[in-house]
Each structure stands twice: as structure tokens, then as C-alpha cells.
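A.B. asks: After the C-alpha cells below, expect a handful of questions from me.
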Amino acid sequence: MPKHTFRFSKDFLERLKRAIRQAFVGVEPVRFGQEPNYTSAILSRLHGIKVQSDYGEYAKIQATNFDDRGPNSAEHRYGADFAITATVSDPQKTIRKAILVQVKGEPIDDLPPQEMDRLKKQIATMKQVVNSPKVAGIRKEERQAMLEISSGNRVLDGETYSKTDFPEYFNQRVITTLDGTTNEEVVDALQESDLKKLDLRIKKAG
């Protein structure tokens with residue numbers, strides 16, 4: 001069994017998924033129509049979510065919304081809009097992991113060719129930081145929108161990719177062994193919106 005494998009109770013997983021899904025409730029597309037505004041609203045609601053059980057199961061979410069203004073912004077340098085950091089525990093162990101995400105204001109399937117080319121360049125840029133970057137499209141419904149998470153690697157390689165609503169994705173991939181870097185230096189560097197610590201790490205490594 002991999003050293004980071006967790007076995008959570010069904011009750012804990014359901015409580016976590018409900019808490020995450022609740023963050024999307026009430027963030028109406030008509031009020032946050034542009035992607036950066038919607039993303040900021042969602043991240044502010046996801047940040048700080050904590051769920052724990054009486055059996056030592058625990059998950060905490062931290063969100064970092066990267067600076068996106070100017071030609072030398074964090075988003076321009078690294079291709080990502082935000083990072084989600086998860087601290088996950090069971091009675092035996094605790095890990096801290098992070099995913100790197102680029103967001104588009106519509107479902108990924110609906111992107112025009114020019115925007116898809118731009119997305120692939122952003123994914124390639126994210127890969128200098130993490131091995132498995134993620135992309136998110138925004139699916140807009142009448143009263144609510146949802147982030148749909150897909151594999152950046154599959155999009156980049158032109159392969160078939162799935163789209164998973166963020167609450168289900170988080171439970172299926174982030175709090176398990178499947179997605180997210182656990183490199184402590186990288187995770188720590190992704191906690192600041194200007195990504196200056198990441199600059200120093202990459203410069204040192206290069």
C-alpha cells in the first residue's frame with residue numbers, strides 16, 4: 001500500500017463533499033460573470049474549510065489566488081490561476097499537498113482553437129512546477145456555476161480527458177494518493193500570491 005494511502009469513512013467523505021459543494025451555492029454567474037471575479041469568489045469560500053470526525057479523520061483546505069495583473073505577474077510566469085492546498089490526516093499520518101490550476105470562463109470543450117492553444121502553453125508552463133497540473137472550466141447554470149476539473153497533461157497531449165465537478169474531484173483525487181504535489185518546498189512556495197518564493201526555488205534549482 002502506498003505510504004500516503006488514506007482510508008476514510010463514508011460519513012467523513014460525505015461531510016467533506018457537502019462542505020465543499022456548499023461553497024459554490026449562492027455564487028451566481030450573473031453576479032460574478034467574468035472568470036477572475038468568479039474564481040476569487042469561489043476561492044474565498046473554499047479557503048479555510050475544515051472537516052473532522054470523531055475517529056481522527058481531518059481535512060483542511062487553503063486557497064491561494066495568484067496575482068494576475070501585469071506582464072510579469074505570477075500567473076504569467078507560471079501559467080496558473082490558483083493553488084489549492086489540502087492538509088489531510090487520519091489517526092496514523094498527516095500529509096500536506098497542493099494542486100496547481102488554470103481556469104477558463106467556460107467548459108474546456110467549448111474553447112475556440114486559439115484559446116485552447118493558449119491553454120496548452122499555460123499547462124506547459126505549469127509543468128515547470130508540478131508534474132500533473134490541472135485545468136478547470138466553469139460550467140454555468142441559471143443560479144449556480146461549478147468548476148469542472150480535468151487533467152492538464154491529457155489536454156496538453158491531445159488525449160481524451162474527463163471533467164469532474166470540484167467537490168467530487170477533491171474527494172476522489174486530492175485527499176487520496178492520486179493528485180497533488182507533496183514536495184514541502186513547492187507546497188510552501190505556493191502559499192503566497194506573488195510566488196516570489198517559487199522564483200527563488202526554481203532559480204536555485206536551475
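The values are calculated or read from the model by the stated rules, or taken from the named source; none is laboratory data. Fair warning: this is a prediction, and the values are worked out from it, not measured in the lab. Cβ coordinates were reconstructed from backbone atoms using ideal geometry, including for glycine residues, and neighbour counts include every protein chain displayed.
A.B. asks: Are any of the residues in the range 50-59 of a type in the set (Gly, Ala, Ser), within 13 Å of the chain's Cα centre (by Cα), surrounded by 15 or more Cβ atoms within 10 Å (Cβ to Cβ) and modelled with pLDDT of 95 or more?
C.D. replies: No: zero hits.
A.B. asks: Within the range 55-73, which residues are touching a Ser or Thr at 6+ places or on another chain (Cβ under 6 Å) and not in a strand (DSSP E or B)?
C.D. replies: The answer is 66, 67.
A.B. asks: Where residues in the range 60-88 are of a type in the set (Gly, Ala, Ser) and farther than 18 Å from residue 181 by Cβ, which of them is modelled with the highest pLDDT? Steps first, please.
C.D. replies: We begin by selecting, within the range 60-88, every residue of a type in the set (Gly, Ala, Ser); these are 63, 70, 73-74, 79-80, 83, 86.
Next, from what is left, pick out any that are farther than 18 Å from residue 181 by Cβ: 70, 73.
On the way: 70: 85, 73: 96.
Taking the candidates together, the pick is 73.
A.B. asks: Within the range 106-120, count every residue that is more than 24 Å from residue 144 (Cβ to Cβ) and assigned to a loop (DSSP other than H, G, I, E, B).
C.D. replies: So the count comes out to 1.
A.B. asks: How many residues does the range 1-45 hold that are of a type in the set (A, V, I, L, M, F, W, C), within 30 Å of residue 183 (Cβ to Cβ) and touching a residue at least 60 places away in the same chain (Cβ under 8 Å)?
C.D. replies: 7
A.B. asks: Does any residue of the range 74-85 turn out to be in a loop (DSSP other than H, G, I, E, B), surrounded by fewer than 17 Cβ atoms within 10 Å (Cβ to Cβ), of a type outside the set (Lys, Arg) and over 15 Å from the mean Cα position of the chain (by Cα)?
C.D. replies: Going through the range 74-85, the residues in a loop (DSSP other than H, G, I, E, B) turn out to be 79-81.
Now drop any that are not surrounded by fewer than 17 Cβ atoms within 10 Å (Cβ to Cβ), which leaves none.
No, every residue in the range 74-85 fails to be in a loop (DSSP other than H, G, I, E, B), surrounded by fewer than 17 Cβ atoms within 10 Å (Cβ to Cβ), of a type outside the set (Lys, Arg) and over 15 Å from the mean Cα position of the chain (by Cα).
A.B. asks: Filter the range 162-206 down to the residues that are under 18 Å from residue 9 (Cα atoms) and touching a residue at least 40 places away in the same chain (Cβ under 8 Å), then identify the one that is surrounded by the fewest Cβ atoms within 10 Å (Cβ to Cβ).
C.D. replies: 168
A.B. asks: Looking at the range 121-137 only, could you name the residues that are surrounded by 17 or more Cβ atoms within 10 Å (Cβ to Cβ) and outside any loop (DSSP other than H, G, I, E, B)?
C.D. replies: The answer is 122, 123, 125, 126, 134, 135, 136, 137.
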